[in-house]
Amino acid sequence: MAEVLLTLKIMPASADSDLEVISEGLKSIYSGRFNSVQKEPIGFGIVALKVGFVVTEEEGASERLEEEIKKIEGVGEVEVTASHRLI
């Protein structure tokens, strides 16, 4: 089965959310393989995380990943911003 690289934008629940705790939580996700994380300033002191995950190309894979990420303490919103099929 093919794999897909998903890029997600993770917004913290508040400006006080600890991005390091969120980053460490991402590394323990089992719905996909953690690939990368970058901080992305949004404004007014809020910083989002731009995260890469590799998942299998099957129906519902991205939804399962999003739901698992939302369970991490300090995570507000999760949005898939890009999807690339790996060859």
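Since every read-out is calculated from the coordinates, none of them should be taken as a lab result. Worth saying up front: this structure is predicted, and the values here are computed from it rather than measured. Neighbour counts run over all protein chains shown; Cβ positions are idealised from the backbone, glycine included.
Couple of notes before you dig in:
- Criterion applied to E73, E59, E66, E79 was being surrounded by 14 or more Cβ atoms within 10 Å (Cβ to Cβ) and either in contact (Cβ under 8 Å) with a residue 40 or more places away in the chain or assigned to a loop (DSSP other than H, G, I, E, B) (or both), and the one residue passing it is E66.
- Unique match (being touching an Asp or Glu at 6+ places or on another chain (Cβ under 7 Å) and among the basic types (K, R)) among K27, K9, K70: K9
- Among the residues making up the stretch 39-87, those that are touching a Lys or Arg at 6+ places or on another chain (Cβ under 9 Å) and either over 12 Å from M11 (Cα atoms) or β-branched (V, I, T) (or both) are V47, V51, F53, V54, V55, E57, V78, V80, T81.
- Counting only residues that are loosely packed, with under 15 Cβ neighbours inside 10 Å, touching a helix residue (DSSP H, G or I) at 6+ places or on another chain (Cβ under 8 Å) and assigned to a helix (DSSP H, G or I), the stretch 1-34 holds 0 of them.
- Subset of the stretch 35-46 [assigned to a strand (DSSP E or B) and not aliphatic (A, V, I, L, M)]: N35, S36, Q38, K39, E40, P41, G43
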